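Asks: This is the structure, below, for whatever I ask next.
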Amino acid sequence: MSEDAPAKTVTAEKKLPKDLAAEKGMVNVQIDGHWIQVPRGTRMIEAAKMAEKEVPHYCYHPKLSSPGNCRMCLVQMGMPPRPAPGAAPEYGEDGYQEIGWMPRPVIACANTVGENMGIRTTGDLVEKTREGVMEFLLINHPLDCPICDQAGECKLQEFSVEHGRGQSRFKETKIKKPKNVDIGKNIRLDDERCIMCSRCIRFMDEVAEESVLGFSQRGTHTSVTVHPDHRLDNNYSLNTADICPVGALTSNDFRFQMRVWFLKETKSIDVNCGTGANTVIWTRGNEIFRVTPRQNDDVNSAWMPDSHRLAFHSLQTDDRLTRPLLKKGDKHVETTWLEATAKAAEGLGMRQPNEVAIIASGRMTNEELYLAKKIAEAIGTELITIVPRKGESDGKLVSADRNPNTTGATLIFGTDEPCAKLDAIREGVIAGKIKALVVLQENLLEEAGFKIKDLSKLDHLVSSHTHANATAAKSHVVLPGTGFAEKRATYVNVTGRLQRSNQAVIAPGEARDDWESLAALLSKLDKEYQPPASMDGVLNALVTEVEAFNGQTFGSIGDLGVQITETGVTIPLLEQEKARVKSGIIVG
Amino acid sequence: MAIIKVERPKLSVGEKVYFGAIFKGMIITLRHAFRSLVGKSTGANELNSSGVGITMQYPEKKWDDQLPEYYRGAPALVTDELDRERCVSCQLCEFICPPKAIKITPGEIPSNNEWAKVEKRPEKFDIDMIRCIYCGMCEEVCPEQAIYLRPDYVITGTNRSEMVHDKERLYEIGGKRVGLVNKWNDLK
């Protein structure tokens, strides 16, 4: 043994916990008796969360600034006593200084931790404080729970059970405030239920950047109001109902539809634009009741545009296709999947490869796009494209690319311009060069720019749709497909992130998951192709063929997705959020 | 686990020869038969019987006046003193109902309605009486004192749909109930 070995041990022993933490940019905090290291500058409430201690709160939201006005997160705090002039700080055997507890509580949401700090989230002082705060919050709160949509997911209900008194001592008359106020297209305001946490006001100021909400009046009469000349018609207004801890702001769309405790939550993603916001789909039985955003700091933060979350209604209409259809004369007749697939394949196989084209969609999943490409290869045609769907970005979460899976198509087709051949195909159809067309999940009269008379020129039109439309009406074979909430699948968003959607409801009638109908069609065209038994089989095949997907499975994608390629596209709202985190306004 | 050995009871000679007990039973039966023939059945009045024997001639005769106060019959909705429907369709009864007999479609009270400030009421309220087990949990859980188990127990129908009580039928059975807590009007 060398001579410096024991010497090293001595220096290691001499190093105090504060020095060890400081080397990593951390500080030592004692939370409910346990010492942990947290990054310097962490809010006390976040430090408690790291220690798995819940600090109840209303106004604090990690994505918004912290005004500290609900007072629910009060905890007891202590610091080592300041040494007398000239005296050195004293360290105990464990290397920590003794904590001098402060006699009064502090708010955990807006204070940051310091070296050797102590936090108590329980104890007499803290519990009495919470009880007092709850009592004040409940003074004017109406007993609306039976008619309130928030009941069941209401923080006021939860914390009054956990920290409230159970009995009211308030004998005076409650303050009356406006109820059932129409403040915007999607939002209903009930001022009596409001606990003045100001989350909605801060959201509109800081995230939506349209400051239409504010407080009016003073004292117990304080109430949230919308600016007299404006309405809360922002495309992000429904997020205020999500973050409202009580039932003051509720969604008009979800109003009195169903109590939340009946609803089943399915984690999924939004498919209305290239951003692919992470969502939760709330269902009961086979019916979707609402869609809410799910936090993913790499995609949509904690927000979602109203237009996208209300889009699920289009899935639950009466014009859904439920049976495969064959055209007999001028009319469609219902048929079996077996016959529909056979007829579709027959019409495609009997023609020259260059007389056949495939128009796929940027709304299709990776698995479906892969099978579409396989079908093109089986036929031997080069003519495969998706339909571009361009709009304007709103500078937040709505991407200019309204297709949810353009990046997926780019990767799978192995071209930078997956929409490039659309014009050639359209001209080919008009010129009569293309005799047979496979259309997947697109109504050609919309973005694709076809005319109804162009479609009449085709000898064989096979299409798959969820809803009845003009293209389906012109088709010789119609295959009923599934909508976004009805399938488990993967998409790649504009930034190159592979994400997973999950099945929340079952498709109506005999409508089939599109990968199944495509795999069946492919096995008719390519006799050697064996359709896989499940969706995972399609993804496995795709993963082996397309390099960017290498090694991915439904499991590895997880709930938050994985970055599989870099497209250089950024999501504006996330950039804004990063700037606010950097300047210390929000925790993030 | 401890093993407890149970001894067979020791029977006396009289008990072993069981004819004695049979004769005793026969005598009791014959006594009742004789008494019912002369119209003096035991408990005839209490059981509201026809007098011949102690059998109650249901459904011609019923025992309804003997039902206890706490009897749990068909669940029904009630209105208050001002004929306001008390139910606000909070769906707690639907949630608690063990056999899932209750199905509610909530709806909003239109703004021109006298009770518009209550905001919410059931659009449809169906109780499937084939499923109902008369447990009374709906009554217990109701925060608005709107659903009660009434003494009605003769719930019959000739097909399944007749056995589903809709909102109209439920208010018909429930009727008006006074003297309850009123939080939505001035009666209090």
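Where a number appears in this text, it was derived from the coordinates with a stated rule and is not lab data. This structure is a prediction, so every number in the text was calculated from the model and none was measured. As a convention, Cβ positions derive from the backbone with ideal geometry for all residues, glycine included, and neighbour counts pool all protein chains shown.
Asks: If you build a Gaussian network model of chain B, linking Cα atoms that sit under 10 Å apart, which residue out of B:111, B:161, B:89 swings the most?
Replies: Greatest mean-square fluctuation among the candidates belongs to B:111.
Asks: Collect residues whose amide H, placed 1.01 Å from N in the peptide plane, falls under 5 Å from the amide H of residue A:72; neighbours closer than 5 in sequence don't count.
Replies: Counting only residues 5 or more places away or on other chains, the set is A:58, A:59.
Asks: Next question. Could you tell me the center-to-center distance, by alpha carbons, between region A:30-56 and region A:315-384 in angstrom?
Replies: 57
Asks: Kindly write out, for region B:149-163 in residue order, the coupling ³J(HN,Hα) from the Karplus curve 6.51 cos²θ - 1.76 cosθ + 1.60 (θ = phi - 60°), rounded to whole Hz, with x marking Gly and Pro.
Replies: Result, ordered by residue: 8, 8, x, 4, 10, 8, 9, 10, x, 9, 8, 5, 5, 5, 7 Hz.
Asks: I need the phi-derived Karplus couplings for region A:321-338: 6.51 cos²θ - 1.76 cosθ + 1.60, θ = phi - 60°, integer Hz, Gly and Pro marked x.
Replies: Those phi angles translate into 7, 10, 9, x, 10, 10, 8, 10, x, 9, 10, 8, 10, 6, 9, 8, 4, 4 Hz.
Asks: Among rounded, prolate and oblate, which fits region A:325-573 when a ≥ b ≥ c are the square roots of the eigenvalues of its C-alpha gyration tensor, a/c under 1.5 means rounded, and a/b larger than b/c means prolate? Walk me through the numbers before you get to the answer.
Replies: Working: a/c = 1.61, a/b = 1.36, b/c = 1.18.
It comes out prolate by the Cα gyration axes.
Asks: When you look at the Cβ of every residue in B:111-119, what mean number of other chain Cβ atoms sits within 10 Å? Don't jump to the answer; show the numbers that get you there.
Replies: Details: counts 2, 0, 0, 0, 0, 1, 2, 2, 9.
The shielding value for this peptide is 2.
Asks: With the Cα gyration tensor of chain B in hand, give its eigenvalues times 5 under a square root as the equivalent ellipsoid semi-axes, listed largest first in whole angstrom.
Replies: 51, 24, 16
Asks: Relative to the Cα centre, what is the charge dipole magnitude of the protein assembly as shown, using +1 at the beta carbon of each Lys and Arg, -1 at the beta carbon of each Asp and Glu, and rounding to the nearest 20 debye? Before the final figure, lay out the partial values.
Replies: Numbers: 99 positive and 106 negative charges, 443 e Å.
In debye, rounded to 20, the protein assembly as shown gives about 2140.
Asks: Which of rounded, prolate, oblate describes the protein assembly as shown, given a ≥ b ≥ c as roots of the alpha-carbon gyration tensor eigenvalues and a/c under 1.5 marking rounded, otherwise prolate only if a/b is larger than b/c? Before the final figure, lay out the partial values.
Replies: Values: a/c = 1.79, a/b = 1.15, b/c = 1.56.
The shape class here is oblate.
Asks: Build a GNM of chain B with springs between Cα atoms under 10 Å: which of B:82, B:170, B:11 gets the top mean-square fluctuation?
Replies: B:11
Asks: Right, another one. When ranked by the protection proxy of mean other Cβ atoms within 10 Å per residue, highest first, what sequence do the peptides A:138-145, B:58-65, A:325-332 form?
Replies: Numbers: A:138-145: 16.9, B:58-65: 10.0, A:325-332: 13.2.
Final packing ranking: A:138-145, A:325-332, B:58-65.
Asks: Within the set A:18/A:128; A:177/B:117; A:328/A:373; A:327/A:453; A:155/A:176, which residue pairs have Cα atoms separated by over 24 Å?
Replies: On the way: A:18/A:128 33 Å; A:177/B:117 13 Å; A:328/A:373 29 Å; A:327/A:453 17 Å; A:155/A:176 22 Å.
Checking Cα-Cα distances, A:18/A:128; A:328/A:373 exceed 24 Å.
Asks: Using alpha carbon centroids, what distance separates region B:110-149 and region A:452-520, in Å?
Replies: 42
Asks: Helix A:514-525 sits at what angle to the longest principal axis of chain A, using alpha carbons and giving 0 to 90 degrees rounded to 10?
Replies: 30
Asks: May I ask for the angle, rounded to the nearest 10°, between helix A:422-431 and the longest principal axis of chain A, with both axes built from Cα atoms and the value confined to 0 to 90°?
Replies: Long axis of A:422-431 versus the principal axis of chain A: about 20 degrees.
Asks: Compute the angle between helix A:572-582 and the longest alpha-carbon principal axis of chain A, please, reported from 0 to 90 degrees and rounded to the nearest 10.
Replies: 20
Asks: Excluding residues on the same chain fewer than 8 positions from residue B:5, give the lysines whose Cα lies under 26 Å from its Cα.
Replies: Straight-distance partners of residue B:5: B:16.
Asks: Just want the ordering: A:52, A:446, from fewest to most Cβ atoms lying within 10 Å of their own Cβ.
Replies: Working: A:52 10, A:446 13.
Least to most surrounded, the residues fall as A:52, A:446.
Asks: List the residues whose amide H sits under 5 Å from the amide H of residue A:290, counting only those 5 or more places along or on another chain, with H placed 1.01 Å from N in the peptide plane.
Replies: Distant-sequence amide H within range of residue A:290: A:282.
Asks: Can you pull out the GluC sites (Glu not before Pro) in region B:75-173 that DSSP calls coil and that have at most 15 other Cβ atoms within 10 Å? List each step's numbers first, then the result.
Replies: Values: sites: B:81, B:85, B:94, B:108, B:114, B:119, B:123, B:139, B:140, B:144, B:162, B:168, B:172; in loops: B:81, B:114, B:119, B:144.
Passing both the DSSP loop test and the Cβ count: B:81, B:114.
Asks: How would B:118, A:161 line up from fewest to most surrounding beta-carbon atoms within 10 angstrom?
Replies: On the way: B:118 20, A:161 10.
Sorted ascending by nearby Cβ count, the order is A:161, B:118.
Asks: Shifting gears a bit: Under a cut-off of 16 Å between alpha-carbon atoms, report the aspartates and glutamates in cross-link reach of residue A:524, not counting same-chain residues fewer than 8 places apart.
Replies: Output for residue A:524: A:339, A:346, A:377, A:514, A:516.
Asks: Determine the shape class of region A:273-326: with a ≥ b ≥ c the square roots of the Cα gyration tensor eigenvalues, call it rounded for a/c under 1.5, and otherwise prolate if a/b is greater than b/c, oblate otherwise. Provide the component values of the computation, followed by the final result.
Replies: Numbers: a/c = 2.80, a/b = 2.01, b/c = 1.39.
Since a/c reaches 1.5 and a/b is larger than b/c, the shape of region A:273-326 is classed as prolate.
Asks: OK, next. Taking the beta-carbon count within 10 Å as an exposure proxy, list B:41, A:399, A:583 from fewest neighbours to most.
Replies: Details: B:41 20, A:399 25, A:583 8.
Ranking B:41, A:399, A:583 by Cβ neighbours within 10 Å, fewest first, gives A:583, B:41, A:399.
Asks: Select from A:245, A:269, A:163 the residue farthest towards the positive end of the dipole of region A:155-301; place +1 on Cβ of Lys and Arg, -1 on Cβ of Asp and Glu, and compute about the Cα centre.
Replies: After comparing all options, I get A:163.
Asks: Helix-only estimate, please: 222 nm mean residue ellipticity of chain A, summing -39500 (n - 2.57) across DSSP H runs of length 4 or more and dividing by its residues, to the nearest 500.
Replies: It comes out at -7500 deg cm²/dmol, rounded to the nearest 500.
Asks: Any chance you could check the Cα centroid distance between region B:15-29 and region A:225-296 for me, in angstrom?
Replies: Cα centroid of region B:15-29 versus Cα centroid of region A:225-296: 78 Å apart.
Asks: What dipole magnitude, in Debye to the nearest 20, does region A:325-573 give about its Cα centre under +1 on Lys/Arg Cβ and -1 on Asp/Glu Cβ?
Replies: Numbers: 27 positive and 33 negative charges, 132 e Å.
Value, rounded to 20: 640 debye.
Asks: Separate question: In whole Hz, what ³J(HN,Hα) sequence does region A:459-472 give by Karplus (6.51, -1.76, 1.60; θ = phi - 60°), x for Gly and Pro?
Replies: 7, 8, 10, 10, 9, 10, 9, 8, 10, 5, 7, 5, 5, 4
Asks: Now, a different point. Ratio to report: Rg/Rh of region A:169-315, with Cα atoms as the point set and Rh obtained by the Kirkwood method; give two decimals. Don't jump to the answer; show the numbers that get you there.
Replies: Numbers: Rg = 16.4 Å, Rh = 16.4 Å.
Ratio of gyration radius to Kirkwood radius for region A:169-315: 1.00.
Asks: In peptide A:252-262, what is the residue-averaged number of other protein chain Cβ atoms found within 10 Å of each Cβ?
Replies: Details: counts 0, 0, 0, 4, 11, 3, 4, 8, 0, 3, 3.
Going residue by residue through A:252-262 and averaging, the value is 3.
Asks: Cα to Cα, under 13 Å, and not fewer than 8 places away if on the same chain: which aspartates and glutamates meet these conditions relative to residue A:14?
Replies: Residue A:14 reaches A:93, A:94.
Asks: For the pairs A:343/A:474; A:185/A:396; A:331/A:421; B:40/B:62, note any where the Cα-Cα span goes beyond 26 Å. Walk me through the numbers before you get to the answer.
Replies: Details: A:343/A:474 16 Å; A:185/A:396 20 Å; A:331/A:421 31 Å; B:40/B:62 20 Å.
Check vs 26 Å cut-off fails for A:331/A:421.
Asks: Give me, ordered by chain and number, the residues 5 or more places off residue A:31 or on other chains with an amide H under 5 Å from its own placed amide H.
Replies: Here A:36, A:119 satisfy the definition.
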